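Read-outs throughout are calculated quantities, based only on the coordinates presented, and are distinct from any laboratory measurement. The shown structure was predicted, so the numbers you read here are calculated from the model rather than taken from an experiment. With ideal geometry, Cβ positions are generated from the backbone for all residues, glycine too; neighbour counts draw on all protein chains shown.
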Ligand code: GLP
């Protein structure tokens, strides 16, 4: 796990864009895993401002979707991904996949989503945020560390966190469909971004805490190629910050994006 502490959300966006653009132009990234939430927005903005034609050839898979919101609801992840990713990065909408939260057979839809990822050759790089509960995707605490795409129930804390996107808390769905932790772990590389003090505890538990389903993000400790991009506030509860800075300052040339 490579932990990189940067000065601002903008620097995080630019650094993530360096990694993604280098993979997209050298051909090592053709399938991108995309995340919703506020955290990855600086990454998408940086990619938009440094757009290269190769971005338009990407296939993308989103992590999750609410159950019970129509795809054209402005806060469905179908809509959010279309607004924040597909259009600004000029992706082909036919190659942008979001789990189906309105399926009449939800279990089959989950199986189909897993198959679609597999048929695309798997995710080359997965962008992740982290929730205040330590969730990645919508894998809430006690999610199986080897779970696949499935329906989950949101925690009250996550519903409160996400209420800012809805007219009232009551309108935040109770259920979601999310790639499992096992699905996310199959991505060849993962890039987690987090900003702000509200994420400090979840980040510290994910990076330095015990491997535990109580903090689903801690499963990334088992990933062979995980990069964690943090601002100072999100890094504020880590204990080894001096070491992470030392590692970054002395990183070998091959580790630079
Ligand atoms: C959301 C999403 C996650 C996201 C997380 C944090 O509910 N399902 O994919 O990483 O919660 O969101 P934010 O980046 O807005 O803090």
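For the reader, a short list of remarks on this structure follows.
- Relative to the globular-protein estimate of 2.2 N^0.38 Å, the Cα radius of gyration of the range 1-118 stands at 1.11.
- Residues 59, 25, arranged from fewest to most other Cβ atoms within 10 angstrom of their Cβ, appear as 25, 59.
- Gyration tensor verdict on the range 214-257 (Cα atoms; rounded if a/c is under 1.5, prolate if a/b is larger than b/c, oblate otherwise): oblate
- Over the chain: helical MRE at 222 nm, DSSP H runs n ≥ 4 each giving -39500 (n - 2.57), nearest 500: -8500 deg cm²/dmol
- Highest-fluctuation residue, 126, 179, 221 considered, GNM on the chain with Cα pairs under 10 Å: 221
- Taking every alpha-carbon pair within the range 49-135, the share separated by more than 16 Å comes to 59 percent.
- Averaging 1/r over each pair of different alpha-carbon atoms in the chain and inverting the result gives 18.2 Å, the Kirkwood hydrodynamic radius.
- Overall, the ratio between the Cα radius of gyration of the range 48-199 and 2.2 N^0.38 Å, rounded to two decimals, is 1.02.
- Computed over the range 167-223, the P(r) curve from all C-alpha pair distances, binned at 5 Å from the origin, holds 4, 15, 20, 20, 20, 13, 6, 2 percent per bin.
- Shown for 44, 243: other C-beta atoms within 10 Å of each C-beta, ranked fewest to most, produce the order 243, 44.
- Proportion of all alpha-carbon pairs of the range 123-257 beyond 17 Å (%): 61
- Share antiparallel - DSSP beta bridges, the chain, percent rounded to 5: 30
- Calculated P(r) tail over 17 Å for the range 181-257, as whole % of Cα pairs: 49
- Stretched out straight at 0.36 nm per residue, the stretch from residue 115 to residue 255 would grow longer than its current Cα-Cα span by 47.2 nm.
- Spin-label model, residue 28 to residue 171: label points 7 Å out along the Cα-to-beta-carbon direction sit 4.4 nm apart.
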